[in-house]
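Engineer: To start, I am sharing the structure in question, which I have written as structure tokens.
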Amino acid sequence: MEPVRAIKPLIRVAALSGSLRKYSFSTGLLRAAIDLTKESVPGIEIEYIDISLLPLLNTDLEIDGTYPPVIESFRQKILEADSILFACPEYNYSVSAPLKNALDWASRAPNVWANKPAAVISTGGDCGGGRSQYHLRQIGVFLDLHFINKPEFTLNAFQPPQKFDEEGNLVDEAAKERLKQVLVSLQAFTLRLQGK
């Protein structure tokens, strides 16, 4: 007789990359996270949310409490998610303009970020995007996002061994293992906040 294992409830994660570049390392981290959930982190379903189609925030586009269809669709995906995974590139010590734009659209009344558990991962040069993570966490305070504190995930993309292939896919096994730990932590934190 096989032992009975408790099945964790499925949590739905909305994943956003702050980089729009075709072979973005940030987006590569999200692809790796999606693969990890299929291979070794049961109970998580990650949906990549493309923010490249969002117009720049312009409140003139808000008419009688509604938004353009592309914004309504984006906001609905955030609302339906149990938690959020941000891949946050660093630009001038801060978050990228596309990511800030997405944050702003979803924060318009009613704020669909409110009370969502979240995690942030980043890659880049010296600090691996760490400064942008701290700025995103600061923004998240006002948006009522609840970030996991540990483990932190920053990755210097340019230090040996090779971290990404020519198409921006994560190839470093140690980094994948660290990313897996972020997903496990986000899953546990989400379930805890949901009271499960």
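Engineer: So what does the Cα-only Debye profile of the chain read at q = 0.14, 0.15, 0.18, 0.19 Å⁻¹, as log10 I(q)/I(0), no solvent term?
Structural biologist: -0.77, -0.88, -1.24, -1.37
Engineer: Let me ask something else. Report in % the part of the accessible area of the chain that belongs to carbon and sulfur, leaving out ligands and nucleic acids; probe 1.4 Å.
Structural biologist: Numbers: 5660 of 10500 Å².
Of all accessible area on the chain, carbon and sulfur atoms account for 54 percent.
Engineer: Suppose we keep just the DSSP beta bridges with both residues in the chain; what percent of those would be antiparallel, to 5?
Structural biologist: Working: 3 of 24 bridges.
Restricted to the chain, the bridges split so that about 10 percent are antiparallel.
Engineer: Over region 38-144, average the accessible area per residue using a 1.4 Å probe and give it in Å², no decimals.
Structural biologist: Working: 5260 Å² over 107 residues.
Computed with neighbouring chains in place, this is 49 Å² per residue.
Engineer: Express in whole angstrom the spacing between the alpha-carbon centres of region 7-74 and region 103-173.
Structural biologist: Cα centres, region 7-74 to region 103-173: 13 Å.
Engineer: Right, something else. Quick one: among 54, 179, 143, which has the greatest mean-square fluctuation in a GNM of the chain with alpha-carbon springs under 10 angstrom?
Structural biologist: Highest fluctuation of the listed residues: 54.
Engineer: Semi-axes, largest first, in whole Å: what does sqrt of 5 times each Cα gyration tensor eigenvalue give for region 7-82?
Structural biologist: Numbers: eigenvalues 156, 62, 7 Å².
Largest first, region 7-82 gives 28, 18, 6 Å.
Engineer: While we're here: If you place +1 on the Cβ of every Lys and Arg, -1 on the Cβ of every Asp and Glu, and leave all else neutral, what size is the dipole of the chain about its Cα centre, to the nearest 20 Debye? Please report the intermediate quantities before stating the final value.
Structural biologist: Details: 21 positive and 23 negative charges, 108 e Å.
In total the dipole reaches around 520 debye.
Engineer: Shape call for region 26-126 from the C-alpha gyration tensor, a ≥ b ≥ c root eigenvalues: rounded (a/c under 1.5), prolate (a/b greater than b/c) or oblate? Write out the running numbers ahead of the final one.
Structural biologist: Numbers: a/c = 2.27, a/b = 1.41, b/c = 1.61.
Oblate, because a/c is 1.5 or more while a/b does not exceed b/c.
Engineer: Right, here's the next one. Helix-only estimate, please: 222 nm mean residue ellipticity of the chain, summing -39500 (n - 2.57) across DSSP H runs of length 4 or more and dividing by its residues, to the nearest 500. Kindly include the intermediate steps, with their values, before the conclusion.
Structural biologist: Details: 5 runs with 73 residues, N = 196.
So the helix-based figure for the chain works out to -12000 deg cm²/dmol.
Engineer: Find out how many positive minus negative residues lie around residue 116, taking Lys and Arg as positive, Asp and Glu as negative, among other residues whose Cβ is under 15 Å from that of residue 116.
Structural biologist: Values: positive: 12, 75, 77, 137, 192; negative: 47, 80, 82, 144.
Neighbourhood net charge equals +1.
Engineer: Along the three principal axes, how long is region 74-146 when you take its alpha carbons, biggest first, rounded to the nearest angstrom?
Structural biologist: Answer, in whole Å and largest first: 37, 20, 19 Å.
Engineer: Taking the Cα centre of region 22-164 as the origin and placing charges on Cβ (Lys, Arg +1; Asp, Glu -1), which of 128, 83, 27 is farthest toward the positive end of the dipole?
Structural biologist: 128
The values are calculated or read from the model by the stated rules, or taken from the named source; none is laboratory data. Here the structure is a predicted model, which means the values were calculated and not measured. Because the Cβ atoms are built from the backbone with ideal geometry, glycine has one as well, and the counts that use them run over all protein chains shown. Only protein heavy atoms, including side chains, enter the accessible area calculation; ligands, DNA and RNA are left aside. Shrake-Rupley method; radii C 1.70, N 1.55, O 1.52, S 1.80 Å.
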